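Trainee: Right, I'll just put the structure down here and ask away after.
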Amino acid sequence: MPYLLGSCLKGEVARTEDFLVRRRTLIPIAICAAIAGAGVANAQTGEGISSTWAQVNVCSPGQLGARAQLAGDGSKSQMSVRFTAQWLSPAGWVPVNGAATSPWQSAGSAEYTWGQAGWTYNIAVPAGQTYEFRAVAELQWTGENARTETYTTGTCSLSG
């Protein structure tokens with residue numbers, strides 16, 4: 001039986017208030033259960049842990065940091081990554097001046113679920129200027145399952 005708000009009967013008002021209290025309690029519980037269920041499903045499939053990606057992880061005055069995660073495949077292959085810092089010029093994305101490409105960074109063995117490595121660049125932006133930066137990550141698996149992949153990070157705006 002539906003309960004109406006503002007009912008004239010004292011018992012009806014009490015039941016309406018009980019219903020609203022239960023409803024206010026059950027909705028947050030249902031939301032938490034849905035979030036927890038999604039997290040468990042993600043953990044069981046391993047998608048969040050074993051995916052391969054590259055991203056900007058430092059974007060502060062004078063520094064651009066990039067990080068990559070390489071998914072292991074259970075083999076004895078070695079995983080590594082190197083980054084190339086780029087800026088958005090009027091002609092498109094080009095490497096920054098100086099040492100734009102990092103040395104190869106070890107991300108560990110592919111026998112593990114994943115490995116990570118990163119590199120931080122010191123960037124000098126002229127005073128009064130703002131530039132858009134990103135990094136291109138070259139990922140490499142060497143050994144029995146040799147392969148390469150390239151990922152591009154999101155962008156980062158730095159001002160001088």
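Trainee: Inside the range 85-144, can you point out the residues that are surrounded by 15 or more Cβ atoms within 10 Å (Cβ to Cβ) and on the phi > 0 side of the Ramachandran plot?
Mentor: If the condition is that a residue be surrounded by 15 or more Cβ atoms within 10 Å (Cβ to Cβ) and on the phi > 0 side of the Ramachandran plot, then G108 is the only one that fits.
Trainee: Checking the structure you have, find out if any residue of the range 32-54 is assigned to a strand (DSSP E or B), on the phi < 0 side of the Ramachandran plot and at pLDDT 95 or above.
Mentor: Within the range 32-54 (the criterion being assigned to a strand (DSSP E or B), on the phi < 0 side of the Ramachandran plot and at pLDDT 95 or above), the answer is yes, since at least one residue qualifies.
Trainee: Need pairs with beta-carbon distance below 7 Å; first residue within 18 Å of A54 (Cβ to Cβ) and within the range 123-145, second surrounded by fewer than 17 Cβ atoms within 10 Å (Cβ to Cβ) and acidic (D, E); sequence gap 6+ or separate chains.
Mentor: If the second residue must be surrounded by fewer than 17 Cβ atoms within 10 Å (Cβ to Cβ) and acidic (D, E), the pairs left are L139/E149.
Trainee: Same structure, new question: Could you pull out every one of the strands (runs of 3 or more DSSP E) wholly within the range 87-160 that has 3 or more residues that are more than 14 Å from V56 (Cα to Cα) and within 23 Å of the chain's Cα centre (by Cα)?
Mentor: Once the strands (runs of 3 or more DSSP E) in the range 87-160 are filtered for at least 3 residues that are more than 14 Å from V56 (Cα to Cα) and within 23 Å of the chain's Cα centre (by Cα), what remains is 105-109, 130-142, 147-152.
Trainee: I need the full set of residues from the range 62-83 which are surrounded by fewer than 20 Cβ atoms within 10 Å (Cβ to Cβ) and closer than 16 Å to T155 by Cβ, in order please.
Mentor: Correct list: Q63, G65.
The values are calculated or read from the model by the stated rules, or taken from the named source; none is laboratory data. Computed from a prediction, not measured in an experiment: that's the story for all the values here. Neighbour counts run over all protein chains shown; Cβ positions are idealised from the backbone, glycine included.
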